[in-house]
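Only one structure is covered here, and it is reproduced in the block below.
The values are calculated or read from the model by the stated rules, or taken from the named source; none is laboratory data. Predicted model, so just to flag it, every value in this text is computed and none were measured. Positions of Cβ are backbone-derived with ideal geometry, glycine not excepted, and every protein chain shown enters the neighbour counts.
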Amino acid sequence: MSFFFSHYDVVIVGAGAAGLFCALTAGQRGRRVLVVEKANKVGKKILMSGGGRCNFTNLSIEANNYISANPHFCKAALKRFSQWDFIALVDRYGIAYEERKHGQLFCKDSAKDILNLLLEECRNANVEIQTLCELTHLAPGQQRLQDNQNQGYRVKLCQQQREFDIDCESLVIASGALSIPTLGGSGMGYDIARQFGLGIIPQRAGLVPFMFSDALKPVCERLSGLALDVEVSCNHRGFRENMLFTHRGISGPAMLQISNYWHPGDELSINLLPTVDAAEWLIASKRQQGKVLPRTLLHQHLAKNLVAELQGLWWPESAEKSLAEFSDKQLHNLGEKLNRWLVKPSATEGYRTAEVTLGGVDTAELSSKTLEVKNRPGLFFIGEVVDVTGHLGGFNFQWAWSSGYSAGLAV
């Protein structure tokens, strides 16, 4: 397949959420736009997100929902194109959606609705999209363009073993990051940033389950599939959400959220009874129903198989003792563990299952208004490749829309 032109106003590398939104925004301004995607299909991560329903934004978008070396950087883009702007676009297309807890918005039918919206907007804006197309070389253009001091860029593209040289005024890197490599995640965007001498904040997997290598590993295996409401904290951040035991360790929304703040060697503090002062409850229960076994009492709030595992960890030698046979101090200590179970993961599951990549192109190198590299006119970085990472709940998609829009107005 040949390209329509050998010169484009804008070339965008990556046909994910950020890349497509940048493309349609630029195309609507009359810019001649080419989007290149190395995979065989566009928007793969969109289609798998939210269990196939795409959690496309959140009703409550704030800068403190994002992690970055510069926590203020995201504010300009999020204000320029807000969640309400994207919701209005979804409404215009008549896409049915629903609000779930914490303001999360999901498609009622399929994530395909969001991808089809983006593709229709791109078609209407005459955006050209080429799949199975990889950028193999990049260099600044040789001649200055007339409008400003931007020299433009020359990219070498390879598509089905055929190579093409394309010139463009603006080049947008929307290549994503390292998470879920089976969906096309890679470090190509970082390589391009390094080529131009840009700083990179170290990367690590985010929104990712935890694994254990100690005595908790078989416990998690036996409890695999059990979910419960917990409050988890680490490094002065906490989340109240569901936790899920897996055959590798612990997952669920609470653990995915806190993984963004965890570093190797850190402990997690898990409150198994977030609505109960466990020590106070156990001691009061001893006064009122002293003949009851601790495990029987705990069954009021926790699943029997979980209680059995906790008993094996915390009071195996006193399993058949009634509450009356425990001292108040012993019950206080047990309550403390229930409200503050300290566990030390051996690792996360890594990029294989991580929903996002923390770190990335240093925001100090970019304009917060346009996402353009400050000392490289015409070069832009948007989406996940940038050091801006959202919490679970539609925040990363909103960053994709907002950063893509901001760049789309400037290219």
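Would you point out which residue out of 112, 75, 101 is of a type in the set (D, E, K, R) and surrounded by fewer than 13 Cβ atoms within 10 Å (Cβ to Cβ)?
Unique residue meeting the criteria: 101.
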Within segment 244-271, of all residues that are touching a helix residue (DSSP H, G or I) at 6+ places or on another chain (Cβ under 6 Å) and surrounded by fewer than 23 Cβ atoms within 10 Å (Cβ to Cβ), the one nearest to residue 353 (Cα to Cα) is 247
Kindly evaluate residue 80 against the criterion of being under 29 Å from residue 202 (Cα atoms) and of a type in the set (D, E, K, R).
yes
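Need at least 1 residues that are assigned by TED's automatic domain parsing to the domain that holds residue 276 and hydrophobic (A, V, I, L, M, F, W, C) per element, so show me which helices (runs of 4 or more DSSP H) inside segment 152-263 make the cut, counting only ones lying wholly within it.
Output list reads 216-223, 253-259.
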Single condition residue 380 does not satisfy, out of (1) under 29 Å from residue 90 (Cα atoms); (2) of a type outside the set (Asp, Glu); (3) part of a helix (DSSP H, G or I)
(3)
Looking at the structure I just gave you, is residue 120 part of a strand (DSSP E or B), assigned by TED's automatic domain parsing to the domain that holds residue 364, out of contact with any Cys (no Cβ under 7 Å at 6 or more places or on another chain) and at pLDDT 95 or above?
no
Residue pairs qualifying under the 6 Å Cβ cut-off, at least six apart or on distinct chains, with the first in segment 356-384 being closer than 19 Å to residue 139 by Cα and the second being at pLDDT 95 or above and among the aromatic types (Phe, Trp, Tyr), are 361/381; 372/380; 376/196
With the condition kept exactly as written, say whether any residue in segment 9-22 is of a type outside the set (Val, Ile, Thr), in contact with a Cys (Cβ under 9 Å, 6 or more places away or on another chain) and more than 30 Å from residue 167 (Cα to Cα).
no
Scope segment 45-67; condition over 16 Å from residue 207 (Cβ atoms) and charged (D, E, K, R); matching residues:
53, 62
Positions within segment 264-303 being under 21 Å from residue 320 (Cβ atoms), hydrophobic (A, V, I, L, M, F, W, C) and in a loop (DSSP other than H, G, I, E, B), in sequence order
292, 293, 302, 303
Any strands (runs of 3 or more DSSP E) falling wholly within segment 1-77 and containing at least 1 residues that are closer than 17 Å to residue 175 by Cα
7-13, 33-36
